[in-house]
Amino acid sequence: MAYDEIIDHYSALARAADAGRVVADCGQDAFDQGRFGAAGYDDLGALPEGAVRASLGCGNPVAVADLRPGEVVLDLGSGGGIDVLLSARRVGPSGKVYGVDASTDMLELARRNAEQAGAGNVEFLHGRIERVPLPERSVDVVISNCVINLSSDKAEVLAEAFRVLRPGGRFGVSDIVVDGVVDGAPDADARAAAERRIGCVAGALPVAEYRRSLAAAGFTGLRITLTADHGDGVHSAIVQAAKPAAGAGVEIRPMRADDAEQVLAIYQAGLDTGRAGFETIAPSWADFTAAKLPHLRYVACDTGTGQVLGWVAASAVSPRPVYAGVVEHSIYIHPGRQAQGIGRALLTAFIAASEDAGIWTIQSGIFAENAASLALHQALGFKVVGTRERIGRHHGVWRDVLLIERRSAVTGT
C-alpha cells in the first residue's frame, strides 16, 4: 500500500470513529484476538468515547514510558489522540504532549477529543513521522502505538526520534515485529499474510533489524519485549531505548564521515601530549575507518556550534569467532574540554552500546603516567589486569603500558 493509500485508509477510519462506529484496521476477529485498540488499555476512565473508538494500537506505550510530571512527550502517529490524552494526565499541567499525524481527519478528531477532555497541555501537529515538525532536542520522551511498522522508511523514523529527543531522553513504543522468520524461508509468505491480516501494510521489521536500526540512529539500552503472538512469526512488542545522557550543551551521537577532520585533529592533539599512545601521527581517515568497527563509534558534540568535543571508537581484537565479543577501544577528548565530564559521558554511552551489540569484554592499554585516563576507566568498571613493562620506546623513553579491561555483567555471563 502506497503512502497516500495509507493516509486515505486511516482518514476513512477517523471519519467512521467520528460517526460513532467502532473501527478496526484489520479483520475484526484478528483485531479482537490480538488485543488491538482499546483492549490494550486498563485506564480509559473519563476519556472521550471518540478517542477510545479510534484507538488502533497494538499495546499501551504510556504504561511503559515511565512518564513524569513536567516532561515533554511526542506521540508518533497520534491518531485519535488516546495516547496523547493518557500522557497528558501523567505529565500534568507543567508538562506538554505533542501528537503528530499525517491524516488531517485524524488530527481534527484528536483535537475535538482533547477539547472534550479539557486537556490544555496537548498540541496536535500535521506531519509525517519521517519528518517530525519539531526542533531537535525538544522532547523528553517519544512514544508511538503500532505506527512505525507502517512506514516505508523506518530507519528515518528512528533517526527523527533520536533528533528530537534531549540527551538522556527515552524511546518507548508499541509496535509490530517479526521474530523467528527469515526472509526467503518457506514461511515468508505466511509471515506476509499475517502482516496484512493485522494491518502492517509496509512490513514489520525483524527483531534483529529493529535493534540494528535503533543502534544506527544512536540509541542505547535497547530492549524489545514480545507481547502478543499473531502467528507466523509476527508479534506485538514493546520497544524501549534511550538517547545517551550528556552534560548541558553536549550531545552524544554516532560518528559520521563529516566529523573526520575534527576527530583526527583531536586524535593528533592527544598524541602530541605524549600520554595517549605510541603513535606520533594520527592516521588518515581511510586508515582510521578501516581499523574501527562501524557500529561502535561515537562523538560528543557542542549542541550550539556542532563542534566535536571528543570521540570513542573500537577495534576488533581478532577475526577468530571465539573473540567476537572482545574489542579494544580508544577515547580522546578535545584538549580544551577535558575534566568537564565529557569523557565519562562518552565512555558510559560506549559501554551501553557495546553491551547492546553483544560485546562481553572491552580492553585497552594506558600509559602508567596517564592518571586521568586510568581514573576515568576505573570509575566505570575497568580493572588493571597486568602491566607490560618497558614494552616500547616513546620519544626515546621506555614506557610501561597498563592493560585494562571491563567484563560485562550483562553480556557473556
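Rule-based calculations on the coordinates, nothing more; no lab input. Quantities reported herein were computed from a predicted structural model and do not represent experimental measurements. Positions of Cβ are backbone-derived with ideal geometry, glycine not excepted, and every protein chain shown enters the neighbour counts.
For this structure, a couple of remarks:
- Glu115 versus Asp179: modelled label distance in nm, points set 7 Å from Cα along the beta carbon direction: 4.3
- Each eigenvalue of the Cα gyration tensor of the stretch 250-407, multiplied by 5 and square-rooted, gives one semi-axis; in descending order these are 22, 20, 16 Å.
- Partner lysines for Lys292 [C-alpha distance under 21 Å; skip if fewer than 8 residues away on the same chain]: none
- Counted by neighbouring Cβ atoms within 10 Å, the residues Arg407, Arg297 run from fewest to most as Arg407, Arg297.
- Inverse of mean 1/r across different Cα pairs in the stretch 198-294, Kirkwood, Å: 17.1
- Length available on full extension from Ala371 to Glu279: 0.36 nm per residue minus the Cα-Cα distance, which gives 31.2 nm.
- Calculated FRET efficiency, Thr305 to Lys383, Cβ-Cβ distance, R0 = 30 Å: about 0.25 to the nearest 0.05.
- Calculated FRET efficiency for the pair Arg223/Leu125, C-beta based, R₀ 25 Å, to 0.05: 0.35
- Normalised by 2.2 N^0.38 Å, with N the number of residues, the alpha-carbon radius of gyration of the stretch 262-351 equals 1.11.
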